[in-house]
Amino acid sequence: MAVTCTHLDTVNDVAPSSEGCEDCLRMGGSWVHLRMCQECGHVGCCDNSPNRHATAHYHHDHHPIIRSYEPGEDWWWCYVDELAFEVPGAPPAPSHP
């Protein structure tokens, strides 16, 4: 496991793809918490949710970094490096309404 994320070069200035898990909304599913891909803006549900769409998005599209899409949370996660971290100086995390 890495000590620092080695994939920050994949981060883009993205907008959330939806106000909820876009895949759950499409299929009528539910979620616990939301995560936003930092490469394309895909909003997916967390691994505590029944469908785990954020992780499925990583496995399908190989976008390594997500950020919490929950109010008051500023953490990031790199799937490849298996590392939770914060980015000093990053703008506040967006969150769903």
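A short reminder: the numbers here are calculations on the coordinates, not readings from a lab. Everything numeric here is computed off the predicted structure, so don't read it as measured data. Note: ideal-geometry Cβ built from the backbone for every residue, glycine included; neighbour counts use all protein chains shown.
The HN-Hα couplings worked out from phi for the range 33-40 by the Karplus form 6.51 cos²θ - 1.76 cosθ + 1.60 (θ = phi - 60°) are 9, 10, 10, 10, 5, 8, 9, 10 Hz, whole numbers, x standing for Gly and Pro.
Classified by the C-alpha gyration tensor, the range 52-97 has an oblate form. Its axis ratio a/c, with a ≥ b ≥ c, is 1.5 or above, and a/b does not exceed b/c. Put in line by how crowded their Cβ is, counting other Cβ atoms within 10 Å and starting with the fewest, 67, 26, 35 read 26, 67, 35. Radius of gyration (Cα atoms) of the chain, expressed as a multiple of 2.2 N^0.38 Å: 0.99. Evaluating 6.51 cos²θ - 1.76 cosθ + 1.60 at θ = phi - 60° for every residue in the range 71-87, the Karplus couplings come out as x, x, 10, 10, 7, 10, 9, 9, 5, 5, 7, 6, 9, 8, 7, 10, 10 Hz, glycine and proline recorded as x. For the range 8-85, the relative contact order is 25 percent, taking Cα pairs closer than 8 Å that sit 6 or more residues apart in sequence and dividing their mean separation by the residue count.
Can you give the FRET efficiency to the nearest 0.05 for residue 74 and residue 8, using r as the Cβ-Cβ distance and R₀ = 22 Å? That gives a FRET efficiency of 0.90. When both the range 45-61 and the range 1-35 are represented by their alpha-carbon centers, they are found 8 Å apart.
Across the range 57-67, computed HN-Hα scalar couplings (Karplus, 6.51 cos²θ - 1.76 cosθ + 1.60, θ = phi - 60°) run 4, 4, 5, 7, 9, 6, 8, x, 10, 10, 9 Hz from first to last residue, x flagging Gly and Pro. Magnitude of the charge dipole for the chain, about its Cα centre and with charges confined to Cβ atoms of Lys, Arg (+1) and Asp, Glu (-1), is about 220 debye.
Helix-only arithmetic for the chain: the sum of -39500 (n - 2.57) across DSSP H runs with n ≥ 4, divided by the residue total, places the mean residue ellipticity at 222 nm at -4000 deg cm²/dmol.
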